[in-house]
Amino acid sequence: MAKKVETVSLIDTFSEFKELKNIDRTTMVSVLEESFRSVIAKMFGTDENYDVIVNPDKGDFEIWRNREVVADENLTNPNTEISLSEAQQIDASYEVGEEVTDEVNFAKFGRRAILNLRQTLASKILELEKDSIYNKYIDKVGTIISAEVYQIWKKEMLLLDDEGNELLLPKLEQIPSDFYRKGETARAVVARVDNKNNNPKIILSRTSPIFLQRLFEMEVPEINDGLITIKKIARIPGERAKIAVESYDDRIDPVGACVGVKGSRIHGIVRELRNENIDVINYTTNTKLFIQRALSPAKVSSINLDEENRKAEVYLRPEEVSLAIGKGGLNIKLASMLTEYTIDVFREIEESQDEEDIYLDEFRDEIDDWVIDAIKAIGLDTAKSVLGAPRQLLIEKTDLEEETVDEVLGILQKEFEEE
């Protein structure tokens with residue numbers, strides 16, 4: 001009776017695994033059979049002469065052993081052979097060479113066998129579960145999912161999906177102004193699935209350009225239907241983004257469709273991205289025009305292209321320069337990211353006929369040589385070219401301190417004022 005109880009407890013254990021791990025019935029039966037066979041093979045050296053039958057509907061299992069009848073004096077392997085005298089005790093009609101099939105009570109193998117079975121089963125199910133998670137999420141890379149915030153740490157957040165699978169949202173993949181509490185729902189795109197040592201880790205992202213793209217696909221039916229294509233995206237998460245779109249139907253205004261009436265479509269995206277400003281522009285293969293649009297809202301006067309080195313010199317009226325650069329240099333940085341061109345902006349200066357330019361080398365008695373060399377290294381050789389370049393550009397390109405740049409500008413400006 002005790003053995004029967006032990007057998008039942010095994011089945012209960014299997015049922016618990018099935019419920020907890022959410023493994024489908026066919027797979028569960030296969031895992032059970034493999035686990036039994038693994039234990040039998042360890043005990044007897046082979047499992048080839050055993051039949052394992054799992055009955056998931058009844059919640060039980062059967063193990064049958066097949067042995068060949070041999071003469072009593074020829075019995076060498078009791079696992080694969082049965083003596084004639086023992087066989088005839090089962091049925092007097094058995095003869096040498098025939099096969100005897102009898103049911104085996106697994107509980108008779110002892111507690112160690114049962115423990116071994118449970119460990120084998122747990123190991124196989126854990127491996128299956130990991131494979132299942134990996135296969136599920138490797139197909140979801142690049143798609144948006146919603147998950148519950150379960151734990152918040154300094155460097156990452158732990159989220160749980162509907163099935164209780166663990167997902168990670170690293171701090172670097174969060175928008176700087178993101179703020180979540182435990183129990184809240186967060187939306188993010190599946191960035192990648194790491195699978196070191198068969199231990200899958202699902203990494204989410206809210207800073208990826210793909211996240212922005214998927215949000216537009218959800219909000220703008222024309223994109224989802226293929227009437228409008230997102231050609232390029234540049235993002236500085238939580239601050240600003242630029243997205244270039246193109247329509248294959250002349251009747252559809254791609255920018256208008258993405259923004260929506262009074263911004264109705266883009267408003268939800270901006271809110272999801274913590275008020276990230278989004279510029280939507282028309283894509284074009286005309287590089288100069290594309291750079292011009294990318295620098296919006298600034299109005300460009302002229303552009304000189306170096307296509308081989310992917311550099312662009314952009315000239316603007318003085319009042320447009322600050323718009324082109326943008327707050328903190330965001331606008332020009334995003335325009336460079338979007339167009340994949342290094343963009344340098346310059347002020348248009350109306351030179352009077354009687355006012356001559358001066359080479360920087362003439363100022364070596366007032367400005368340190370290394371400072372002049374740093375400025376010349378970015379292509380500015382004269383005083384007026386330096387004065388015509390935006391202050392922020394000088395600081396970023398030359399890698400000089402702000403105070404040094406201001407000192408240089410003061411010296412150069414003073415020279416022309418004296419004239």
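So the values come out like this:
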| item | result |
| --- | --- |
| Residues Val255 and Arg187, FRET efficiency given R0 of 22 Å [Cβ-Cβ distance, rounded to 0.05] | 0.35 |
| DSSP H segments from the chain that extend 27 Å or more along their own axis, Cα-based, with Kyte-Doolittle mean of 0.0 or above | 25-44 |
| Within the chain, helix-based [θ] at 222 nm, where runs of 4 or more DSSP H residues each add -39,500 (n - 2.57), nearest 500 | -12500 deg cm²/dmol |
| Pairwise FRET efficiency - Ile395 versus Leu227, Cβ, R0 = 35 Å, nearest 0.05 | 0.20 |
| Long-range HN-HN contacts of Phe346 with modeled amide H, under 5 Å | Val314, Tyr315, Leu316 |
| For Asn277, distant residues with modelled amide H under 5 Å away | Arg240, Ala241 |
| The chain - charge dipole about Cα centre, Lys and Arg +1 at Cβ, Asp and Glu -1, debye rounded to 20 | 2000 |
| Per-residue SASA entry for Ile144, accessible area with 1.4 Å probe, Å² rounded to 10 | 40 |
| Label-point separation in nm, Asn195 to Trp153, each point 7 Å along Cα→Cβ | 2.3 |
| Charge context of Tyr137, other residues only, Cβ under 14 angstrom, K/R +1, D/E -1 | -3 |
| Among the listed pairs Lys242/Lys397; Lys140/Lys196; Lys130/Lys232; Lys155/Lys262; Lys299/Lys333, those beyond 27 Å (Cα-Cα) | Lys130/Lys232; Lys155/Lys262 |
| Of all accessible heavy-atom area on the range 169-213, the percent that carbon and sulfur account for (1.4 Å) | 50 |
| Within-13-Å neighbourhood charge of Leu75 [Cβ basis; K, R +1; D, E -1] | -4 |
| Residues whose placed amide H lies under 5 Å from that of Asp60, excluding near-sequence neighbours | Asn55 |
| Glu356 versus Lys288: modelled label distance in nm, points set 7 Å from Cα along the beta carbon direction | 3.3 |
| Extension gain, Asp406 back to Met218 (0.36 nm per residue minus Cα-Cα distance, nm) | 62.9 nm |
| Distance (nanometres) between label positions extended 7 Å along Cα→Cβ at Ser146 and Lys171 | 2.9 |
| Binned Cα-Cα distance frequencies in the chain - 10 Å width, integer % | 4, 15, 16, 14, 12, 10, 8, 7, 6, 4, 2, 1, 0 |
| Accessible area (Å², 1.4 Å probe, nearest 10) - Arg364 | 80 |
| Additional length obtainable on full extension of the chain from Ser93 to Ser264, 0.36 nm per residue less Cα span | 52.8 nm |
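The values are calculated or read from the model by the stated rules, or taken from the named source; none is laboratory data. Note that this is a predicted model, so its numbers are computed, not measured. Counting neighbours? That spans all protein chains shown, and the Cβs are built from the backbone with ideal geometry, glycine included. Ligands, DNA and RNA are stripped out before the accessible areas are found, and what is left, the full protein with its side chains, is counted by its heavy atoms. Shrake-Rupley method; radii C 1.70, N 1.55, O 1.52, S 1.80 Å.
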